[in-house]
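Single-structure report; data block below.
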Amino acid sequence: MLKTDKLTKKFKDTLAVDNVSLELRKGESVGLLGPNGAGKSTAIAMISTLLKPSSGDVRIHGKSVLKDPGDMRRVLGVVPQKIALYEELSAYENLKFFGRLYGLSGKKLEQRIGYVLDLVGLSDRKKELVKHYSGGMQRRVNLAAAMMHEPEVLIMDEPTVGIDPQSRNHLLETIRRLNHEEGMTVLYTSHYMEEVEKLCDRVYIMDRGKVIAEGTKEELKAILSDQETVWIEFDQSYPELFKKLSEIEGVQHADVEERSLKLMIPKGMRLLASLFHEAERHGAQVTNVHVQTPTLEDVFLRLTGRTLRD
Amino acid sequence: MKAVFLLQWRRFYRQPLLVLAMFVLTIIFVSVSAAGGEEEPVFVPVYTESLKQEQVLEWVERLNAEKQFAFKWMQPSEARSYVAEGDVPQAVELMEADYRLLVGREDPARLALDSMLRRVYSEELRLEDAAQEVPEIRELMDSALSDPALQLSAASLQGKGEADKLQLLFGMTLFFVIYTIMFSLVRIVDEKRTGTWNRMILSPVRKWQMYLGHLSFSFLIGFSQIALIFLLFRYAFGFEMGDRFWLLLAIAACYTFSIVALGLMIISLIAKPQQLSAVIPIVATGMAMVGGAFWPIELVTNEILLTVSKVLPITYGLEALTSVAVYGNGLQSVMMPLAMLLGFGGICMAIAIRLLEWRSVS
Ligand SMILES: Nc1ncnc2c1ncn2[C@@H]1O[C@H](COP(=O)(O)OP(=O)(O)OP(=O)(O)O)[C@@H](O)[C@H]1O
Ligand SMILES: [Mg+2]
């Protein structure tokens, strides 16, 4: 139902979004994954008609939004990355205003406010001023405000940055429910792998303005089907040993941490023998070895040579 | 638009401090300065070594007519001891066609005293010269003064203190309301920064309705501030403002419109909140100084400043208010300043709209 076609945005000398083609089907939950500065927010601004593309197009139900953004705006609920609320007002007052913008009034307005407050679990604190809320609660109102006009498609730009785990779980659960139980179409942007893995049917991975991979979680992980990740923990730090292990022939990538090491190796490579041999030689004690199935994080690492949080 | 307008009142209700501060500051400044203006005139001893009693009395009466100082005739020895003991900074010795200051210590008022004495003396001497040729000149002068050709001089002669107080009230009111209006318009910039503006853009509400909601709030809050202050000073403090109060309100409305438009133009030029909070006080204070809100515009002699004042709304606002409240003029006589205010507002608005549209396209 929603499609972007070679969407491109150029700011003076940065190519923020480069030839991005996405598609959202009805009822789907799609993740847009990418590190800081990948161009996620810029892409979303263009999709939601707030920013004109340098080239390319955005279509809703087959109609371009460039000439008439009205159709898109009616369908879309946008949860911005920054909290966009009147913080000197209460949650209730904020929602009332955003509802009125869409022509809601009277009983219908009150009902809708009640519904979205329930949805984000803030009914009993609706009279408090937004500025007195915790970061997590503000995020929840930020979502609620985008839900006032019963949108068909919900676009969220990193709705969970900087909030406590409890609020985060609540928010993720809310989104999952909206998608599963109410059939809402969701585009979810994040640089947290776990969230996207948990929430989304399909994923686009963006880096430096480009979509570098797309598909269902399984399809993406299949990229790594010929790989394994071995995670080794030691009793203490052994920089020299870690360096040595990283340089073993066949190791494709190494991620060194304080007392542990993550090595990406081809499936079937016989690493363990040399691992224990080297550890013995350095007098190091291996406390834990774990062979992992690949995560999206590993996919990103493989595709870009960097971790998402770099 | 209604939703946007009503929201601003809600926000005002939650955060009224800034506007109330401007309101209270106006009242404090006006009442403190107006009270200061009613101080007793400074006492100045007068003595003579050469003049006759009736001549001295005539001079003292003439000098006291100026109301600036209180001159009192006394014996030379008494006057000298006043000065010698430091009770007064100076005394005046009157002579036939001249005067002398007996100075005890430095005094900031001396310059004013000296220039006033010089003026009264030279006027009097000129009159005496003229009387040599036309003996009845004094009678002519007196009858001319009691039956003036111009209403203006009559009004300003009888109520000089009142006029000063009104000038002060109008100046301060028009000055402080600039802050109220402009800071309420800064909310537009803030909304663009926090993202609530984008939320509105995504809603069915049109952009012009969003602006209109903000502008009408800023207009109303500014106008209410002026109207309330005028009402307060008229009824609670007993300021005499003439019988055309409705016309004063009409002028206030035109002035408010021009400042709202100016504010919109400024925020269309400067988009950063921090820069705005520096620019607004500069604009407000600069306009008020040059436009005559802090002191009568008649005191400004610099050509450049006078020319600049001709394009400032505050100049015309003050001119129109003074004309109606002090000189009792009607709508006819303030048409020109009102037209200037509306024209100024219209131009600013046009520029602002062009700039704002232009920016939203890029
Ligand atoms: N208005 C702008 N003017 C110039 N450059 C911009 C503008 N907006 C974004 N950029 C640049 O475009 C690139 C992509 O930015 P964008 O905000 O879309 O990234 P993002 O994926 O949302 O990152 P984050 O995870 O930090 O939110 C960045 O390099 C950024 O500096
Ligand atoms: Mg972003």
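The values are calculated or read from the model by the stated rules, or taken from the named source; none is laboratory data. No experiment lies behind these values; they were computed from the predicted model shown. All Cβ positions, even for glycine, are placed from backbone atoms using ideal geometry, and neighbour counts span all protein chains on display. These accessible areas exclude ligands, DNA and RNA; they are computed on the full protein's heavy atoms, side chains included. Shrake-Rupley method; radii C 1.70, N 1.55, O 1.52, S 1.80 Å.
Summary table
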read-out: Residue-level accessible surface for A:Asp71, protein heavy atoms, 1.4 Å, Å²; value: 40
read-out: Debye log10 I(q)/I(0) for chain B, one point scatterer per Cα, at q = 0.14 Å⁻¹; value: -1.15
read-out: Accessible heavy-atom area order of B:Arg110, B:Arg14, highest first, probe of 1.4 Å; value: B:Arg14, B:Arg110
read-out: Solvent exposure of the range B:53-142 as accessible area per residue, Å², 1.4 Å probe; value: 65
read-out: Rg(Cα) / (2.2 N^0.38 Å) computed for the range A:179-310, rounded to two decimals; value: 1.23
read-out: Cα-centred dipole magnitude for the protein assembly as shown, charges only on beta-carbon of K, R (+1) and D, E (-1), debye, nearest 20; value: 3840
read-out: For chain A: relative contact order, % (alpha-carbon pairs under 8 angstrom, 6 or more apart); value: 20
read-out: Peptide A:98-106, shielding by other chains (average Cβ, 10 Å cutoff); value: 4
read-out: Loop GluC sites (Glu not before Pro), the range A:196-254 (other Cβ atoms within 10 Å of the site Cβ: 15 or fewer; DSSP); value: A:Glu247, A:Glu249
read-out: Principal axis box of the range B:48-115, alpha-carbon based, largest edge first, Å; value: 30, 25, 18
read-out: Low-density loop cleavage sites - trypsin sites (Lys or Arg not before Pro) in the range A:187-253, where at most 16 other Cβ are within 10 Å (DSSP); value: A:Arg208
read-out: Spatial extent of the range A:49-119: Rg and Dmax, with the Cα atoms as the point set, Å; value: 15.3, 44
read-out: FRET efficiency, B:Ser224 to B:Ala109 (Cβ-Cβ, R0 35 Å, nearest 0.05); value: 0.25
read-out: Virtual spin-label span in nm between A:Glu87 and A:Arg74, 7 Å along Cα→Cβ; value: 3.6
read-out: Protein accessible surface hidden between B and A, which excludes ligands and nucleic acids, total in Å², probe 1.4 Å; value: 2200
read-out: When each of A:Lys6/A:Lys131; A:Lys10/A:Lys63; A:Lys217/A:Lys262; A:Lys63/A:Lys221; A:Lys12/A:Lys82; A:Lys9/A:Lys262 is checked by Cα-Cα distance, pairs over 31 Å; value: A:Lys6/A:Lys131; A:Lys63/A:Lys221; A:Lys9/A:Lys262
read-out: Size-normalised alpha-carbon gyration radius of the range A:226-293, reference 2.2 N^0.38 Å; value: 0.99
read-out: Label-reachable residues, the range A:227-244, where backbone N falls under 20 Å from a point 7 Å from A:Glu258's Cα toward its Cβ; value: A:231-243
read-out: Dipole magnitude (debye, nearest 20) for chain B, charges at Cβ of Lys, Arg, Asp, Glu; value: 3740
read-out: Where the Cα pairs of the range A:1-69 fall when distances are cut into 5 Å bins, in %; value: 4, 17, 30, 26, 16, 6, 1, 0
read-out: Greater than 31 Å apart at Cα, pairs in A:Lys198/B:Lys272; A:Lys126/B:Lys207; A:Lys127/B:Lys2; value: A:Lys198/B:Lys272
read-out: In degrees, nearest ten, helix A:91-101 long axis to first principal axis of chain A (Cα); value: 60
read-out: Using distinct alpha-carbon pairs, which all enter the 1/r mean, Kirkwood radius of the protein assembly as shown in Å; value: 32.0
read-out: Surface accessible to a 1.4 Å probe, B:Trp246 within the full protein complex, Å²; value: 150
read-out: Top positive-direction residue, dipole computed over the protein assembly as shown with Cβ charges, set A:Ile265, A:Thr304, B:Ala97; value: A:Ile265
read-out: Carbon and sulfur %, accessible surface of the range A:226-293 computed with the full protein complex present, 1.4 Å; value: 46
read-out: Cross-link reach list, aspartates and glutamates versus A:Lys108, counting only Cα pairs under 19 Å and skipping chain neighbours closer than eight places; value: A:Glu93, A:Asp118, A:Glu150, A:Glu152
read-out: Debye-sum result for chain A in log10 I(q)/I(0), which assumes one identical scatterer on each alpha carbon, at q = 0.09, 0.14, 0.15, 0.16 Å⁻¹; value: -0.55, -1.05, -1.14, -1.23
read-out: Candidate lysines - alpha carbon under 18 Å from B:Lys52, same-chain residues fewer than 8 apart omitted; value: B:Lys72
read-out: Cα extents of the range B:215-313 along the three principal axes, largest first (Å); value: 42, 38, 19
read-out: Between the range B:49-108 and the range A:249-269, the alpha-carbon center distance in angstrom; value: 105
